[in-house]
Amino acid sequence: MPTTTLILGGGVGGVVAAHTLRGKLPAAHRIVLFDRARDHLFAPSLLWLLVGDRTPEQIVRPLDRLQRKGIEVVHADIDAIDPAARTVTAAGQTWHGDHLIVALGAQLDASGCPGLAEAGHTFYTLDGARQARDAVRAFRGGRVVVLTAAPAYKCPVAPYEAAMLVEAHLRARKLAAPWQVDVYAAEAAPMGVAGPAAGAAVCEMLAGKGIGYFPQHQVTAVESTARSIRFENGAVADFDLLLYVPPHRAPAVVRAAGMCADSGWIAVDRLTLATRWPGVWALGDVTSIPLALGKPLPKAGVFAHGQADAVATNLARAVLGKGKAAVFDGTGECFIETGDGRAALGRGKFFAEPLPEMTLHEPSHALHLAKVVFEKGWLRRWF
Ligand SMILES: Cc1cc2nc3c(=O)[nH]c(=O)nc-3n(C[C@H](O)[C@H](O)[C@H](O)COP(=O)(O)OP(=O)(O)OC[C@H]3O[C@@H](n4cnc5c(N)ncnc54)[C@H](O)[C@@H]3O)c2cc1C
């Protein structure tokens with residue numbers, strides 16, 4: 001009996017799940033992928049876009065290319081999900097699936113912090129990163145502040161990479177006026193889940209570049225005319241250019257569907273990504289997976305990828321009644337761009353107990369090149 005799988009989201013998790021499933025299921029089984037965006041974005045390259053090393057066109061690919069591979073693509077805003085009935089409503093039409101994979105990512109929402117969106121630029125979206133790049137280009141001197149507006153956000157090292165890349169970029173421009181890059185973070189240390197040694201290594205990298213670091217500074221408001229940031233602890237910071245990471249929450253449609261647990265995200269079995277609704281899986285940034293140390297698994301593409309592999313493998317096995325079962329093992333690695341054509345690499349086993357096990361490889365040109373190769377490979381492999 002041919003089946004229909006509805007995949008919600010054409011980001012990292014959705015695209016990998018669709019491809020892997022298509023490779024395993026005969027053509028009679030429908031795979032339908034939904035996304036409001038026309039293009040898939042390779043988000044790690046937003047950091048290179050920020051400092052003018054990429055154009056927007058270089059880091060996106062049309063989702064429609066998936067159609068050539070036998071994956072149906074629906075470009076529409078998903079308006080409603082009914083996980084019990086396994087239905088999705090978009091563009092006035094309702095689809096029913098035998099299986100549902102929810103990979104809708106995180107919604108970025110600066111609205112809770114007065115003045116933030118007006119005063120700064122976020123490099124976490126394509127449009128925001130483009131505007132941030134123009135603002136960095138126009139910067140002639142003064143103080144750049146990189147701000148995390150909440151302690152938990154996807155790719156926990158990205159704001160630190162942004163600060164190091166901007167510092168290297170401004171240094172190379174040999175500006176006449178004095179300038180400074182500082183990071184104000186809501187969290188207590190960089191990459192909290194990776195442990196104190198990894199956090200200390202990133203702090204050392206920042207200090208080595210003269211970047212000031214002010215952890216545990218939770219922003220409460222930003223005044224765009226005065227160009228100043230107010231924090232919960234009473235501190236005030238002035239800036240000439242503000243680059244920020246907005247607070248994240250589950251997408252509105254997921255919240256409206258009643259799919260979120262107390263964490264504010266979808267609860268899943270951490271090995272299989274199954275939700276409490278039969279035939280419904282959720283993966284990537286829209287989920288929260290608690291770890292033994294009391295914090296959730298960080299939100300990162302490398303995990304969305306591994307989870308999508310496991311979900312697609314098990315789903316195909318259930319449909320075909322053969323094949324090996326797969327589990328998501330909580331391992332992942334991440335490049336850390338440090339500027340000047342160098343990158344470090346962190347590798348972690350995040351399901352290790354009592355604490356995740358991390359190894360950090362020193363910054364090198366070779367690791368930066370490895371990230372470039374990964375970027376090109378990603379865009380070629382899936383599109
Ligand atoms: C600057 C930056 C750098 C990063 N660097 C790294 C890195 O080096 N390594 C790493 O592992 N991760 C990195 N990440 C994180 C990584 O990009 C995310 O964790 C990953 O994309 C999550 O995949 P996902 O499939 O869960 O969600 P996403 O990739 O965000 O995809 C969600 C999709 O759902 C769509 N969508 C949402 N709501 C709706 C709706 N209602 N209707 C229709 N479509 C909808 C969106 O348009 C989107 O395409 C970085 C992120 C940023 C912002």
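The values are calculated or read from the model by the stated rules, or taken from the named source; none is laboratory data. The structure displayed is predicted, hence computed values, not measured ones. FYI the Cβ positions are ideal-geometry reconstructions off the backbone, even for glycines, and counts take in every protein chain you see.
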Among residues belonging to region 12-47 that are of a type in the set (Gly, Ala, Ser) and touching a strand residue (DSSP E or B) at 6+ places or on another chain (Cβ under 7 Å), point out the one that is surrounded by the most Cβ atoms within 10 Å (Cβ to Cβ). 17
Can you go through 17, 80, 37 and tell me which one is within 11 Å of the ligand (Cβ to nearest atom) and in a strand (DSSP E or B)? 80
Checked against (1) part of a loop (DSSP other than H, G, I, E, B); (2) touching a residue at least 60 places away in the same chain (Cβ under 8 Å), residue 285 satisfies every condition except (1)
May I ask you to list the residues in region 303-328 that are aromatic (Phe, Trp, Tyr) and within 10 Å of residue 273 (Cα to Cα)? 328
What residue, of 197, 186, 207, is surrounded by 15 or more Cβ atoms within 10 Å (Cβ to Cβ) and among the hydrophobic types (A, V, I, L, M, F, W, C)? 186
Look at residue 338 and say whether it is without any contact (Cβ under 8 Å) to a residue 24 or more places away in the chain, of a type outside the set (A, V, I, L, M, F, W, C) and over 17 Å from residue 289 (Cα atoms). no
When the residues of region 289-304 are filtered to those that are crowded, with 21+ Cβ neighbours inside 10 Å and of a type outside the set (A, V, I, L, M, F, W, C), which remaining residue is farthest from the ligand (Cβ to nearest atom)? 298
If residue 133 satisfies all but one of (1) charged (D, E, K, R); (2) more than 13 Å from the ligand (Cβ to nearest atom); (3) crowded, with 23+ Cβ neighbours inside 10 Å, what's the number of the condition it fails? (2)
So which of 236, 245, 181, 222 is modelled with pLDDT of 95 or more and touching a Phe, Trp or Tyr at 6+ places or on another chain (Cβ under 7 Å)? 245
